[in-house]
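Structure first, commentary second.
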Amino acid sequence: MRIVLKTAKVLLVLVGLVAALHVVCLLCQRPLIRLVEVDGISMQPTFEPGDRLLFVRKHFEPGSVVNADAGDDGLVIKRVVRLTDSRVHLVGDNTEHSAVYDLPRSAILGVYVGKVPLKLPCCKAR
């Protein structure tokens, strides 16, 4: 029982720290953590519509799955296929149903770190 309580306290402290960091980043207009719901088939078979994904701001490289601001196309989830000094080339895993993007590196909002099994409110991306 004591171990469960200690674990719960540690988890609450960690959640509080993450929430505090997130608030600071929101004030800076660059959230540290993003929850995004997949809307579309461009990343099949890797991700399915309705999957909820967690993205964090961190280093990315070719092969990374990222959440990006694609301007008029809104938020997108794509795989990095090529990098230059200032640009990133993105494409979906389902190449028959995916647009290709050549965006500035600053358009990358986060790098995929895992699926979220809980139903949480979040924004949708293609």
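Laboratory data are not the source of any read-out in this text; all were calculated from the coordinates shown. Nothing here was measured: the structure is a model prediction, and the numbers come from that model. Please note: Cβ atoms are built from the backbone with ideal geometry, for glycine as well, and neighbour counts cover all protein chains shown.
Along the positive direction of the dipole of segment 31-118 (beta-carbon charges: Lys, Arg +1; Asp, Glu -1; about the Cα centre), which of Val88, Asn67, Pro31 reaches farthest? Towards the positive end, the residue furthest out is Pro31.
Sorting the segments 64-75, 94-105, 33-44 by their mean number of nearby beta carbons within 10 angstrom, highest to lowest, gives 33-44, 64-75, 94-105. The percentage of C-alpha pairs in segment 31-118 whose separation is greater than 21 Å is 21%. The 3J(HN,Hα) values that the Karplus relation (6.51, -1.76, 1.60; θ = phi - 60°) gives for segment 101-108 are, in residue order, 10, 10, 10, x, 4, 5, 6, 6 Hz. Gly and Pro appear as x.
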